[in-house]
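All remarks here apply to the structure that follows.
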Amino acid sequence: MNARDSFLDTLPQPEQAASVSCFHCGAPLPRVVQWSVIIDGVEQPMCCPGCQAVAQAIVDNDCTDYYRERTALSRTIDQSALVPEALKLYDAAEALAKFASPAGGE
């Protein structure tokens with residue numbers, strides 16, 4: 001066994017991580033997993049449609065070696081970066097108080 005194989009043996013195996021984290025990026029899975037991709041004959045859970053799309057593209061282009069050769073999980077985008085600045089004002093407590101009421105009609 002060479003040093004590379006020894007290092008790979010220390011990484012979490014897909015079977016170990018599959019039930020709690022996204023196979024592609026490692027993010028926690030939602031309670032109900034809606035997305036998955038068959039990778040090397042095994043259905044792997046994904047945390048979101050973005051990871052599913054990227055993983056499916058990797059599979060469709062016969063690049064599944066990526067998953068066998070990777071040394072770290074894929075990076076993900078900062079979710080707050082997806083919200084345009086002009087819309088972030090609606091997340092402020094003052095704005096929410098004007099347009100929403102607490103659950104139960106209080």
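Checking the structure you have, find out if any residue of segment 78-94 is touching a helix residue (DSSP H, G or I) at 6+ places or on another chain (Cβ under 7 Å), over 21 Å from VAL20 (Cα atoms) and open to solvent by 70 Å² or more (accessible area, probe 1.4 Å). The answer is yes; a qualifying residue exists.
Selection of segment 21-44 for residues being at negative phi and not in a strand (DSSP E or B) yields CYS22, PHE23, HIS24, CYS25, ALA27, LEU29, PRO30, ARG31, VAL32, VAL33, GLN34. Please indicate, with yes or no, whether at least one residue in segment 61-71 is modelled with pLDDT of 95 or more and open to solvent by 90 Å² or more (accessible area, probe 1.4 Å). Yes, that holds for at least one residue.
The values are calculated or read from the model by the stated rules, or taken from the named source; none is laboratory data. Remember, predicted model here, so these are calculated numbers, not experimental data. Cβ coordinates were reconstructed from backbone atoms using ideal geometry, including for glycine residues, and neighbour counts include every protein chain displayed. Just the protein is used for accessible areas: all its heavy atoms, side chains included, with ligands, DNA and RNA removed. Shrake-Rupley method; radii C 1.70, N 1.55, O 1.52, S 1.80 Å.
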